[in-house]
Every structure is written in C-alpha cells, then in structure tokens.
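Heads up, the thing below is written out as structure tokens.
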There are 2 protein chains.
Amino acid sequence: MRFGTLEAGGTKMVLSVGNENNELLEQVSMPTEAPEKTIPARIDWCRDKGIVSLGIGTCGPVDLNPASPTYGWITKTPKPGWSDKPLLPPMRDELGVPALIDTDVNAAALAEWELGAAKGLNSCLYVTVGTGVGAGLVIEGKLVHGLVHPELGHMLLRQESNDPAPDGFCPYHKGCLEGLAAGPAIEKRWGTKAQNLPVGHEAWNLEAAYLAQMCVNAICAFSPEKIILGGGVMQQKHLFPLIHQKTLALLNGYVQAKEILESIETFIVEPGLGTRSGATGALLLAKQAYAEAEK
Amino acid sequence: MRFGTLEAGGTKMVLSVGNENNELLEQVSMPTEAPEKTIPARIDWCRDKGIVSLGIGTCGPVDLNPASPTYGWITKTPKPGWSDKPLLPPMRDELGVPALIDTDVNAAALAEWELGAAKGLNSCLYVTVGTGVGAGLVIEGKLVHGLVHPELGHMLLRQESNDPAPDGFCPYHKGCLEGLAAGPAIEKRWGTKAQNLPVGHEAWNLEAAYLAQMCVNAICAFSPEKIILGGGVMQQKHLFPLIHQKTLALLNGYVQAKEILESIETFIVEPGLGTRSGATGALLLAKQAYAEAEK
C-alpha cells in the first residue's frame, strides 16, 4: 500500500511516497511559491503515485481543529500570499483520498515517539532549532494541540549577561527562544553564518545556555520523558554535552529523576530517525487517515 | 456511597468524606506531624466512615508510577521525617479499600476540568500561588505525569528590571517562579506579609509581571485552553486584570486565538470550584479507584 506525505515549509516543500513498513520510497523537494502555483504542482506530483491517503506536516500557523470549517488552512502568516489559505482541503479533494494534517514538528514528535528516540515511552518533546525554533509534543501517548498548537520558540528566556545582543531578533518578542537561539539570531549576533563559527567559540556556549534554559522550563512545565533536539543548528553535535552540563547546573538537583541526574546524555538526545523524523511523521499521519477512513 | 479523600500538605492535612454527586459531606483538618504519628491518626479518622475507596492529593515530591514498588511514597523532601516514606500504601492496606494518589495540584486540575472552570474543554492548567507555586495539568483529556510530575514553580523567569530582589528566594534556583512570586517571596522582598500590601502597591505590578511571564511560557509550551490561578496569593483579585493586560502585552499578538486576543478575562480565570478544587479532585480520584476495582 502506498501513502503520500507532504512536508510543507516556508522555503521548500518535500513530497514522499511511503509504504506500510514506514519506508520512504521516493521523494521530491520543490520551492514554496504562491499557493496558486504551489498547491496544483503538489497535486500533480501525487496524482499518478497510487496513494491511498495523504499526511501533511506543515509549518504554522495552521488550523488543526478537525471540527473547524477551516481545518487544514494556513492562518495569519507573514509569508506573502499564504495568509488564510487552504492547504489540506484542495489536496484531499482533488486527489480523492483521506488526509490528516498536523504541524511539521508534531509530525516529527509523533515519528520519534512511535519509531525513534522516544519509542516505548509515554511522552517526548521534539524541538527543531534551525531557521526558526519549533516544538512538537507527545504527552501521555497523545500529540498535544490544545488551544492552537505549542509555539515553544516564543517562550521567554532570561537574557544571559554575556550576550552581546540580549534582546534577540524576534519581531514580536524581546528575548524569546527563537529570537535568541535560532540560526538567523546566531548569524546576526556574530556577523557570520552559524556554520562558520568554530567549535569553542563563545557563540556555542551562549547557544547551549539558552537551549538549556528551554530544557529546564520544559522539564518544569510538563515533565517529558525524553527531549529530542533536531534541526540545522543541532548538526553542531558538540552542543549536546554543553546543553547537558548547563541543564544539570540550572536544575541544581531539584528534579529527582535518575533519567536526568544519572544519564542526561540519554535524556536530551539527537533524533533517532536523523533527518527523516518529519517525513516519517507525515507518513504515520497518512496511515492514520487511511485507517480512520476504513473504519 | 461514601468516598474518602485526603489532601496532604506540608503543614496540614485535610480529610473529607464525599458522595457520588461530588458533594463533600464532612471534613476535618489536622496538622502534619511525623509520619509515624500522622498516618495512623488519618487512618483512625477514616475507619468508621464507611468509605468504599480513598483518593489522595498530596504535596510533592511523590512517586506516581503505578508500576513502581514505591507507588504512593513521598520521595526526597526537606520536610523532616518524610523523605522516602509511604503515604498511600499504609492507608490503603489498613482501611482495606482501593486507593489512588496524585499531586494536590493535579487533583485540583482534574476537578476544575471535570466540574469547574475548564468543564467541557480538552485541556487546562491549574496553578496555585501560595506558600509555594505548583501546577497541575490536563492535556487532551488526561492528567499529565510524565517523567516525574510538572514542577512549574521552578520554571526560570526573566528577572524584572525594577525588582528589588531579582534573584528571588528559592534555595535551589536563582530567579525561578516560586522564588520570585510565592507568598514568602513577596513577604521577604517587601518586609511585610503579602496581605498587608495595599492595592496599587508596586509589589502587585511586579507579582502580575512574573505571573504573566509564566502564563506566556505555558501558552507557548503546551497551548492550554484555560489557565486557572488559585491559592492564597490569588485571593488578591485585583491581580487578575493586571495579569491579563501584561500577558497580552508580552504575547504581542503572536498567538492568534480569539480566546486569548478577544476574551483573556475568560481565559485566565479564578478556580470555578473556589477553594474546593483540591478536595473535589481527591474525591474524583477516589471514585476512579472504586470504579477500577469494580471492573
């Protein structure tokens, strides 16, 4: 059986076909243009693939309420042309297959929970640190949506005293996580792209300090059983030991869980599925859409 | 049918008997002493009440994992004599009734979600601001436990620039929510008990600023459908409009939910059950313990 997946991002969209064994069989990446051009092109690619359902992981903001008349629509966004535009409905209706949508980060969290670093647990937090900072969350075995969906990137942090740009670069919030720690913030603060900064540069200590604050606040807020850090910035693997050490220092022994106190290196980890978390999560959504339609 | 409830706090314990209509019929409060004295006294009070099960809401830290050999034990605590002591097991075994335990704040969150301010929703955050700051959390219709249980009081906040005591008073963490905003922090910062500070005193602006930061971070972390603020400090009802206004200012329009943008006064609210949230939650746990044993 073949399932269609779409990872819809602000700069590119990745389409895949996967099978019931959670294998991704073929994949294509296309730039994100105006919806009038982008969506028909996506539909065309899917049309002859023999897919039985579609799963979409998308950048937000998106209406995820299945009871809403605008379920699967992108809501207000600074991305030109995309505000209040339907994403899921035209694909579902043109392709004539059942479809489900979630945020890209919730899809990745779902995949990491079912098949990756958090397999067998009841909860996990998946955070991507790249062009932005986003997070998906599984709690007590369920993806978290809530009122809208988590927007962990805009959590307010305490500005570090040695930060040369302590207000950060978010147009909405002074000193939120994304404005302080996403890739573009690193570039603006230090005047060069993050990947040009050598291991040992003070930028990485600062980056780890902000990510450790986020880990502490996530632990205090909802007590996840695993924190998974992915995205472009986290390709800097040397960040992990710094984040581990700073998280322990900030917690200062308060949260008495041996998973944290004795083995934080297996508590705050890389994605188990590498860079496939998002596409695999969209595949799981597609399988779920098919199963629900067959009921 | 009669159900027993225990609210176990660090300074007092409140026992009640309730019925299947969620009414609390009789109640007694006793000081918390050493467990060797306190627990037998609680058992004695319950013995002739004809209860069919017991629900316990307790201050943490507590082992909430039903599969653990120390389920229902208090774990490491600064409270003298209580570290690594069983609370639920002796009561369950001596009384010979099924029993369930959760944190006091999770019990309150459960009651507010089933019967109070968050009735009919999928999620809510219940925060008590008093001697300490604690939080219970219902997400997608389930109480959140996770690795241990939420410890929202130790979330790290950005210290306000006009705070005369910006490090706060938590022995573990500089600048965490509890250390900055619990009742004792207010008293230490201003040299008088919170209830002596008049409406309009700068203390309340500062208090509202910290609680608004917490609300913003909760909204960004897990997108609750309702935030309920209870506890002694929140008896200062004039705090609510300040918290509403500061939360909106900090979010700066980023989270596009009409519940927040258009009616924040019904989004961040007082407990619907007044001061009965905790006892009612313990009663719901008792009813659940009975139902599970009857299966």
inquiry  = If each label sits 7 angstrom from Cα along the C-beta direction, how far apart, in nm, is residue B:163 from its counterparts in the other copies?
reply    = 1.5
task = Mind checking which of A:260, B:159, B:131 is farthest towards the positive end of the protein assembly as shown's charge dipole, using Cβ charges of +1 (Lys, Arg) and -1 (Asp, Glu) about the Cα centre?
result = B:159
ask   = How far apart, in nm, are the 7 Å Cα→Cβ label points at residue A:26 and residue B:94?
value = 7.2 nm
query = When the convex hull of the C-alpha atoms of region B:1-88 is computed, what volume per residue in Å³ does it have?
reply = 97 Å³
ask   = Quick one: of the DSSP bridges fully inside region B:1-96, what percent are antiparallel, nearest 5?
value = 75 percent
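Shape verdict for region B:151-261, please, from the Cα gyration tensor: rounded (a/c under 1.5), prolate (a/b greater than b/c) or oblate.
Prolate.
Neighbour counts of other C-beta atoms within 10 Å: give me B:283, B:147, B:115 arranged from fewest to most.
Going from sparsest to densest Cβ surroundings: B:115, B:147, B:283.
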ask   = For a label point 7 angstrom out from the Cα of residue A:245 toward its Cβ, which stretches of region A:253-295 have the backbone nitrogen within less than 19 Å?
value = A:253, A:260-270
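For region A:58-116, calculate the relative contact order in percent as a whole number, restricting contacts to Cα pairs under 8 Å that are 6 or more residues apart.
Computed value for region A:58-116: 29 percent relative contact order.
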remark   = Once normalised by the length of chain B, the mean sequence separation of its alpha carbon contacts under 8 Å that are 6 or more apart gives a contact order in percent of 22 percent
inquiry  = Just to be sure I understand the model, the point goes 7 Å from the Cα along the line to the Cβ. What's the resulting residue B:195 to residue A:71 distance in nm?
reply    = 5.1 nm
note = Distances in nm between the label point of residue B:21 (7 Å along Cα→Cβ) and its equivalents in the other copies, shortest first, are 6.2
query = Taking a ≥ b ≥ c as the square roots of the eigenvalues of the Cα gyration tensor of region B:119-180, is the shape rounded (a/c under 1.5), prolate (a/b larger than b/c) or oblate?
reply = prolate
request  = List the distances, in nm to one decimal, from the label point of residue A:33 to the label points of the same position in every other copy, shortest first, placing each label point 7 Å from Cα along the Cα-to-Cβ direction.
outcome  = 8.1
inquiry  = Using Cα springs under 10 Å in a Gaussian network model of chain A, which residue among A:282, A:257, A:99 shows the largest mean-square fluctuation?
reply    = A:257
ask   = Assigning unit charges at the beta carbon (Lys, Arg +1; Asp, Glu -1) and nothing else, what dipole magnitude in debye, to the nearest 20, does chain B show about its Cα centre?
value = 240 debye
remark   = note: chain B, Cα-Cα separations exceeding 28 Å make up a percent value of 38 percent
ask   = What's the local net charge at residue A:152, with K and R +1, D and E -1, over the other residues with C-beta under 14 Å away?
value = -3
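Each reported figure results from applying straightforward, stated rules to the coordinates on display, with no laboratory input. Owing to the predicted nature of the structure, the values given are computational and were not obtained by experimental measurement. Every residue, glycine as well, gets a Cβ built from its backbone with ideal geometry; the counts of neighbours run over all protein chains shown.
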